[in-house]
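Down below is the structure, laid out as structure tokens.
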Amino acid sequence: MTQKNNLLRNASFLMIAALISKVIGLLYKSPLSEIVGEIGIGYYGLAQNAYLILLMIASFSIPQAVSKVIAERLAFKEYKNAQKFFRGALVYTMILSGASALFCLFGAKYMIPSNQPGATLALQVLAPTIFLSGILGVYRGYFQAHSNMLPTSLSQIIEQILNAAVSIGAAWLFIHFFSDGTKEGIAKWGAAGGTVGTGAGVLIALLFMAAAYEVNRKQIARHVRADQTGKEDSYREIFRVLFLIVTPIIFSSFIYNINGYINGVMYSELAGRQGVNSEVVSTLYGEYSVYFLTIINIPLTLAGAAPTSMIPEVSALYAQHRRKAARRKIDEATQLSMFISIPAAVGLAVLAYPITRLLFPNTNGTAGTLLLIGAVTIIFNTNSNVSNGVLQGIGKANLPMWNAAIALVINVGLLVALLQLTSLGIYAVLVATIVYSIVICILNDISMKKYIHYKNPWGTVYLCPLLASIPMGVAAGGIYYLLELVTGSNLIGLLFAIAIGGMIYLSFYTTIMTKLKAMEKRRRMEQRYKRERAREKR
């Protein structure tokens with residue numbers, strides 16, 4: 001709890017945990033889809049999307065919000081207030097997540113498209129998970145405020161391991177004991193069993209975080225006793241601050257992420273009205289929500305480690321009026337995020353079809369096309385995640401909320417037009433999603449320039465990884481298709497393509513970055529020389 005702040009170290013913890021967690025999550029989706037079938041995996045995707053909407057209200061942004069308010073108190077050594085905010089956040093979140101859990105249990109049918117009723121039970125099973133997730137989020141935010149990402153990272157790995165094991169086992173058990181053996185029955189009960197694993201994972205992660213807190217309890221108590229500030233807010237003031245800070249962040253995250261849920265509901269409803277069979281709708285939506293989104297969420301989660309680590313540090317620096325230091329932290333987070341997201345987007349686009357065939361043998365090919373076109377969203381979503389974190393960190397959480405609302409209106413209008421006027425089908429959802437992510441990036445960038453006077457270092461942050469990704473993509477594609485032709489093995493081709501492509505990327509990135517830094521150094525020296533000459537003339 002007393003480790004020195006270090007963005008790279010903390011981000012590294014979260015990245016490693018995210019990578020392990022996402023790989024586990026990726027691997028278990030294939031056997032799960034085998035058990036529940038194409039329709040069942042569509043129900044599972046619909047239930048998970050609806051669950052995420054309720055989770056956003058109950059707990060999704062709680063770690064960021066809690067880490068922000070507590071980090072600001074710790075920056076001024078207000079340890080008593082930090083502890084009171086932690087306890088207040090637990091009460092606040094229990095009320096919020098409890099209400100969301102009850103709505104999930106009794107109002108699930110209102111969140112599932114009318115032509116996909118088989119997904120309702122899977123959503124209801126997730127009700128207890130929503131309540132537990134809120135409490136888990138407070139614990140994670142508390143440790144993040146202390147710039148200690150290790151407990152969060154370990155809990156994420158433990159959570160995903162149990163999630164994978166229980167999801168597969170429960171899906172099989174539910175089908176075996178409760179299903180009537182029909183295609184619809186297997187899909188309904190299989191999807192419901194699959195969601196049980198999510199709750200089991202959250203429960204074990206919560207127990208782990210509570211144990212980590214107990215281990216640090218004595219040290220926390222020493223800090224509280226050593227508090228010499230003499231400042232201690234009342235719980236009334238604490239709840240007021242929590243409401244004013246947490247609520248905008250919750251609504252910001254809610255609006256920012258609700259487009260996926262809205263897109264799914266609109267696609268299901270409008271496709272059904274146009275006469276598309278409900279099984280076809282469920283299958284295609286499964287290709288999008290379970291296969292495509294699962295793949296792109298891996299680099300998104302890895303790149304998202306940087307803004308998660310950045311929020312408490314930027315909040316503390318901004319509260320201390322150290323604006324230049326805060327901008328340097330933003331540069332570090334953005335550079336680290338783009339270092340991961342840009343090559344990931346290029347690599348996934350180039351190898352879209354072989355990757356989807358390897359990970360999801362049941363795919364009908366739609367997921368590969370979606371990944372080829374939609375990999376670019378990784379870059380835009382990563383960028384907007386960083387800018388959202390910055391705006392929340394400086395106390396402007398309402399700005400990403402309004403920016404996301406504007407983007408959402410554009411998203412909905414475009415999606416309706418595409419579904420009604422074209423035959424794009426599920427690809428209309430992808431196009432609307434891409435436009436949505438671009439609009440948020442632009443609006444958030446404008447807000448950052450206005451309120452923190454931030455200017456993106458385009459050369460080192462974007463140009464360098466982009467230039468390094470081009471030869472990587474060419475080499476990876478060439479190596480894969482050559483080896484696949486010679487060996488006939490999809491796996492061998494992918495392994496060599498990814499390994500060699502990664503080495504090429506790192507080599508070019510290092511070379512280009514060295515040259516860019518040399519050019520920047522030369523430019524600064526020339527500017528300094530010109531200023532000195534100007535002073536001599538005066």
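The values are calculated or read from the model by the stated rules, or taken from the named source; none is laboratory data. These figures come from a predicted structure and were not determined experimentally. For neighbour counting, all protein chains shown are included, and Cβ atoms are generated from backbone atoms with ideal geometry for every residue, glycine included. Quick note on the areas: whole protein, heavy atoms, side chains included, nothing else; ligands and nucleic acids left out. Shrake-Rupley method; radii C 1.70, N 1.55, O 1.52, S 1.80 Å.
Close contacts from segment 381-403, counting a first residue that is of a type in the set (D, E, K, R) and a second that is modelled with pLDDT of 85 or more, with Cβ to Cβ under 9 Å and a gap of 6+ residues or different chains, come to LYS396/SER447. The set of residues in segment 520-538 that are within 23 Å of MET338 (Cβ to Cβ) and either without any contact (Cβ under 8 Å) to a residue 40 or more places away in the chain or among the small types (Gly, Ala, Ser) (or both) comprises LYS521, ARG523, ARG524.
Is it true that TYR318 is modelled with pLDDT of 85 or more, of a type outside the set (Val, Ile, Thr) and either open to solvent by 10 Å² or more (accessible area, probe 1.4 Å) or in contact with a Pro (Cβ under 7 Å, 6 or more places away or on another chain) (or both)? No: the conditions fail for TYR318.
Against the list (1) within 30 Å of GLU237 (Cα to Cα); (2) under 26 Å from the mean Cα position of the chain (by Cα); (3) of a type in the set (Gly, Ala, Ser), the condition ALA82 fails is (2).
Here ILE255, ILE296 are screened, and the one residue that is modelled with pLDDT of 80 or more and either outside any loop (DSSP other than H, G, I, E, B) or under 24 Å from HIS146 (Cα atoms) (or both) is ILE296.
Taken over segment 445-466, the criterion of being on the phi < 0 side of the Ramachandran plot, modelled with pLDDT under 85 and open to solvent by 80 Å² or more (accessible area, probe 1.4 Å) is satisfied by LYS449, LYS450, LYS455, TRP458.
Among the residues making up segment 115-165, those that are hydroxyl-bearing (Ser, Thr, Tyr) and either closer than 16 Å to LEU206 by Cβ or touching a Gly at 6+ places or on another chain (Cβ under 6 Å) (or both) are THR129, SER133, TYR139, TYR142, THR152, SER153, SER155. Is it fair to say SER469 is closer than 20 Å to ILE512 by Cα and crowded, with 18+ Cβ neighbours inside 10 Å? Yes: the conditions hold for SER469. Checked against the criterion of being among the hydroxyl-bearing types (Ser, Thr, Tyr), closer than 30 Å to ALA187 by Cα and more than 16 Å from the chain's Cα centre (by Cα), segment 136-149 has no qualifying residue.
ARG327 meets the conditions (1) in a helix (DSSP H, G or I); (2) touching a helix residue (DSSP H, G or I) at 6+ places or on another chain (Cβ under 7 Å); (3) under 30 Å from ILE62 (Cα atoms); (4) in contact (Cβ under 8 Å) with a residue 12 or more places away in the chain in every case but one. The failed one is (2). Among the conditions (1) among the aliphatic types (A, V, I, L, M); (2) more than 21 Å from GLY286 (Cα to Cα); (3) open to solvent by less than 50 Å² (accessible area, probe 1.4 Å), the only one that VAL196 does not satisfy is (2). Among the conditions (1) modelled with pLDDT under 90; (2) surrounded by 15 or more Cβ atoms within 10 Å (Cβ to Cβ); (3) of a type in the set (Phe, Trp, Tyr), the only one that TYR505 does not satisfy is (1). Restricting the search to helices (runs of 4 or more DSSP H) fully inside segment 17-135 and requiring at least 1 residues that are open to solvent by 10 Å² or more (accessible area, probe 1.4 Å) and of a type in the set (Lys, Arg) gives 62-75, 79-107.
Looking at SER437, is it closer than 30 Å to LEU270 by Cβ, at pLDDT 85 or above, within 25 Å of the chain's Cα centre (by Cα) and of a type in the set (Gly, Ala, Ser)? Taking the combined requirement at face value, the residue satisfies it. Considering the conditions (1) part of a helix (DSSP H, G or I); (2) open to solvent by less than 40 Å² (accessible area, probe 1.4 Å), LEU358 is excluded by exactly one of them, (2).
On inspection, ASN277 fails the criterion of being open to solvent by 40 Å² or more (accessible area, probe 1.4 Å), under 22 Å from ILE70 (Cβ atoms) and polar (S, T, N, Q).
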